[in-house]
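Worksheet: the structure to be examined is printed underneath.
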Amino acid sequence: MRRLRRSLTAKLLAAQILVIIAGSATLVLVALAVAPGLFHEHVREALGIVPEDVSRHLDEAFEDAVLVSLAIAIGAAAVTAAVASGFLAVRIVRPIRALAEASQRIARGAYGSRVPTGGSDELAVLASSFNEMAVSLETAERRRRELLSDVAHELRTPLATIEGYVEGLRDGVVAPEAPTWALLASETGRLRRLVDDLQLVSLAEERQLDLRTVEVDPASLVEDAVRAAAPAYEAKGVWLGTTAEPRLPVVAVDTDRIGEVLANLLENALRHTPAGGRVDVRAEHRGSDVELAVSDTGEGIAPEHLERLFERFYRADPARSRETGGSGIGLTIARAITEAHGGRLRAESDGPGRGARFVLSLPAAR
Ligand SMILES: Nc1ncnc2c1ncn2[C@@H]1O[C@H](COP(=O)(O)OP(=O)(O)OP(=O)(O)O)[C@@H](O)[C@H]1O
Ligand SMILES: [Mg+2]
C-alpha cells in the first residue's frame, strides 16, 4: 500500500513537473525572442543613442532581472506542484486503500466489511457502490447458507422415516405389506418432488427454463385451472368462482407452466380457507398487463410474512404447513415461473383472518 501511495504521488508530481517544464520553456523562448527587441526599442526611445558600455550594462541588467524572476516563478510553481501532488495523493490514496483492504477482507469471507462513505466525488460514488455490492454479497451468502440448512432439514424428515421403516423391515418389526410399501413410496415420492422442485426453481431463476409459449386467451387459462381444482374445492366445501373481463388481450405463455402457477395458488387458497369460505379468480386488463387474481376469504397473512412467502421453504406457520405436507416451495416456483415469463407475482392481505389475494400479472402479447 505504501508503494501505491508513493507511485501515485510520483506520477502526479511528474505530470505537474512536465507542465512546469513546458510552461517555463515556452516562457524563456518567448522572452528571449521578444523581450530584448522591445527593451532596446524602449531604451532608444527614452535615452536616444547610448554609449556601448552603458548599453551592455543595461542588457545585462535586463537579462538578470528576467532570469531571476523566471527562476523564482519556476521554484514557486515546483513547490506548489509538490504540495498539491502530495495532498491529492493522500486524498485519493486513503479511500483507495480502504477499498483495497475491504475487498481483501470480503475475499477472505468477512462479508460484513464496509468502507467509509462521504463527499460527492467519484471516489465517494465508488465507495457507496462498493458498499452496495458488499450488502448483496452478504445477502447472497446468507441465503446460500439458509438454503443449504433448509434443504438438509427438508431431506431429514422423509429420510428418517424411510430409514426407520427399512430397519423395521430388516429386523422383522414391520410387516412387508401393502401399507408399508405405500408409505415408503410416498416418502421417496416426497424426496423426488423436493429435488425436482429445487431444480425447477434453479432453472427458472437462471432463466434456463424451456418455455413453449403460445398466445392464449387469459380467460381460458383461468377456466382450465378452475376446472382442475373444482373437485377438491367441492370436497372441502369451499365455493370457487371466476370472473373474466370481456375481450381480454391475449398473453404469450407456456400454458403448462402458468397452469402450474394457478394450480399452486388455488391449492394454497383452498388449504388456507375453512369450509364455507369462498375463493374467487378474476381476470382483468390493467394497463399493458393482464392480471389474474386469486382471492380467498381464509385465514389471511400478517404483513411481516407477505414478501417472505416467496422465499424457498418459507411458511408462515411451519408446524401446520408440515402437517399438511407443504414444503414452502410452491410460491417460490410460482414466482420464478412468472418472472421467466416477464410477469410478476405478488401477495396482498389485510391481515390475519381477513383473507388473502395473490395477483399474477402477465404482459399482454399485443
Ligand atoms: N392463500 C393463502 N392464505 C394464507 N396463507 C397462505 C396462502 N397461500 C400461501 N400462504 C402461506 O405461504 C406459505 C408458502 O406457500 P407455498 O405455496 O410456497 O408453500 P406451501 O403451500 O406451504 O408448500 P408447497 O411447497 O406444497 O406449496 C404457506 O406455508 C402459507 O403459510
Ligand atoms: Mg403451496
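For the reader, a short list of remarks on this structure follows.
- Long-range neighbours under 6 Å by Cβ, at least six apart or interchain, first residue on the phi < 0 side of the Ramachandran plot within region 22-46, second open to solvent by less than 50 Å² (accessible area, probe 1.4 Å): A31/V66
- Filter pass, V195 being open to solvent by less than 50 Å² (accessible area, probe 1.4 Å) and not in a strand (DSSP E or B): no
- Screening the candidates G328, G300, G353 for the property of being modelled with pLDDT of 90 or more, in a loop (DSSP other than H, G, I, E, B) and surrounded by 17 or more Cβ atoms within 10 Å (Cβ to Cβ) yields one hit, G300.
- Top-ranked residue in region 182-192 [being among the small types (G, A, S) and under 20 Å from G328 (Cβ atoms); ranked as least open to solvent (accessible area, probe 1.4 Å)]: G189
- Flag for T297 being of a type in the set (S, T, Y) and under 21 Å from D197 (Cβ atoms): no
- Applying the criterion of being among the hydroxyl-bearing types (S, T, Y) and under 14 Å from T157 (Cα atoms) to the residues of region 169-200, the residue that is modelled with the highest pLDDT is T188.
- Of residues in region 284-319 being closer than 15 Å to V359 by Cα and within 25 Å of the chain's Cα centre (by Cα), the one nearest to ligand 1 (Cβ to nearest atom): L309
- Residues satisfying the stated conditions in region 102-150, i.e. under 29 Å from I329 (Cβ atoms) and touching a Leu at 6+ places or on another chain (Cβ under 6 Å): Y111
- Taking region 266-318 as the range and being free of Cβ contacts under 8 Å to residues at least 12 places away in the same chain and among the charged types (D, E, K, R) as the test, the residues that pass are E304, R308, D317.
- Check on L211, open to solvent by 40 Å² or more (accessible area, probe 1.4 Å) and more than 30 Å from R144 (Cβ to Cβ): no
- Criterion: in contact with a strand residue (DSSP E or B) (Cβ under 8 Å, 6 or more places away or on another chain) and near ligand 1 (Cβ under 8 Å from one of its atoms) - qualifying residue of A356, A364: A356
- Count - residues of region 158-181 that are part of a helix (DSSP H, G or I) and open to solvent by less than 60 Å² (accessible area, probe 1.4 Å): 8
- Residue check for S288: more than 16 Å from ligand 2 (Cβ to nearest atom), touching a Pro at 6+ places or on another chain (Cβ under 9 Å), among the hydroxyl-bearing types (S, T, Y) and outside the structural domain of V151 (by TED's automatic domain parsing): yes
- Residue match in region 72-95 (condition: open to solvent by 70 Å² or more (accessible area, probe 1.4 Å), assigned to a helix (DSSP H, G or I) and within 30 Å of E141 (Cα to Cα)): yes
The values are calculated or read from the model by the stated rules, or taken from the named source; none is laboratory data. Quick caveat: nothing in here was measured; it's all calculated off a predicted structure. No Cβ is skipped: glycine too gets one built from the backbone with ideal geometry, and neighbour counts run over all protein chains shown. Side chains included, ligands, DNA and RNA excluded: accessible areas come from the protein's heavy atoms. Shrake-Rupley method; radii C 1.70, N 1.55, O 1.52, S 1.80 Å.
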